[in-house]
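The values are calculated or read from the model by the stated rules, or taken from the named source; none is laboratory data. Fair warning: this is a prediction, and the values are worked out from it, not measured in the lab. Ideal geometry is used to build each Cβ from the backbone, glycine not excepted, and the neighbour counts take in all protein chains shown.
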Amino acid sequence: MATLVPDLLQGVLKTVPYVTKLPTHRLWFDYDHDADVLYISLERPQKATTNKMRDDGILLRYRTKKLVGVTVFEASKR
């Protein structure tokens, strides 16, 4: 198992206030290194019915009006 270096750990800890405000109790993160895409699921299975691509390269996935997933393109550049 990889050990988090202090700088990386500090970066992860900075996300905690935002993650705790999400409207869910569980999150799943999947990162595709080759495609540089981060998938964040707020529910599994997502079963999204609609998608909305934002101008900043983030895809929001909805089931009716409920946000169930986020896809972040070029994730390592953010």
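The residue that is nearest to Val68 (Cα to Cα), among those in region 30-57 that are touching a residue at least 12 places away in the same chain (Cβ under 8 Å) and not in a loop (DSSP other than H, G, I, E, B), is Ser41. Looking at region 60-78, which of the residues that are closer than 14 Å to Asp36 by Cβ and not hydroxyl-bearing (Ser, Thr, Tyr) is modelled with the lowest pLDDT? Here the residue is Arg78.
Looking at region 11-22, is at least one residue surrounded by 11 or more Cβ atoms within 10 Å (Cβ to Cβ) and part of a strand (DSSP E or B)? There is no residue in region 11-22 that is surrounded by 11 or more Cβ atoms within 10 Å (Cβ to Cβ) and part of a strand (DSSP E or B).
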